[in-house]
Ligand SMILES: NC(=O)CC[C@H](N)C(=O)O
């Protein structure tokens, strides 16, 4: 029985809520005769991170998470986990901001990012805390036809939520996003890009979900419209997945279950390469 250790970055934010929902999701998977032995761990040190097969970066405050990560010397290990070792990683809200290659509306002086998804996010796109909202969202990727998959909408909780405002040209190692978009704050990526495998490098950014434009929200900044309709609220690129909203603040484990199935496949593939 293979053990799969799912870490939750526990420096700030809604990490306990993720752990609770993960345990619920583990129980649901086991009820479907999933034979993995799942464990969920809070991650605060490079050693704890290294023991994880996959990682969730929770919602919270991306500047605070980045600051604490930098002080705990976790930023480089996190970049390596996501971009060199390419272990499955999911960021929710602040977590999505940290996993983007670029962010705007950042604090003065910018902020550190981990990177991993070639997108630019617009922080606090929907406004301040008081403009937070909930909305039923359609998540096509949940409609897998597998047991438990159903079509009812997911209740999205958006708290000072970001959107993906731009899909960036893929970082090729020749031209960086920073050169391409000098106006944005880009995580200085010290990770050697050329260690990516060719197939991972060419993995495109997939738009996984959108939310119809919220025309009743005042003071929306001018945004760069992607081709898809609505605001991009979930994206995936290779091993990295991000959502603008907080599934961890609901009791609905469907996204966690979907992601754990992806993790299981990725872990099996990696372990078979190591044999
Ligand atoms: N709920 C959240 O995670 C908010 C994210 C917040 N806007 C940030 O920049 O970190």
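The values are calculated or read from the model by the stated rules, or taken from the named source; none is laboratory data. Because the structure is predicted, anything quoted here is derived from the model rather than measured. When we count neighbours, we look across all protein chains shown, and the Cβ atoms used for this are built from the backbone with ideal geometry, even at glycine.
Some points to look at:
- Some residue of the range 73-92 being over 25 Å from residue 204 (Cα atoms) and modelled with pLDDT of 95 or more: yes
- Condition met for residue 120 (in a strand (DSSP E or B), more than 12 Å from the ligand (Cβ to nearest atom), in contact (Cβ under 8 Å) with a residue 24 or more places away in the chain and crowded, with 18+ Cβ neighbours inside 10 Å): yes
- Number of the condition not met by residue 27 [criteria: (1) farther than 18 Å from residue 254 by Cα; (2) at pLDDT 95 or above]: (1)
- Scanning the range 18-39 for residues that are under 21 Å from the mean Cα position of the chain (by Cα), surrounded by fewer than 19 Cβ atoms within 10 Å (Cβ to Cβ) and under 29 Å from residue 79 (Cβ atoms) yields a count of 3.
- The number of residues in the range 1-24 that are touching a helix residue (DSSP H, G or I) at 6+ places or on another chain (Cβ under 7 Å) and either in a loop (DSSP other than H, G, I, E, B) or over 17 Å from residue 95 (Cβ atoms) (or both) comes to 5.
- Residues (closer than 10 Å to residue 88 by Cβ and crowded, with 16+ Cβ neighbours inside 10 Å) located in the range 252-271: 259, 260, 262, 263, 264, 266, 267
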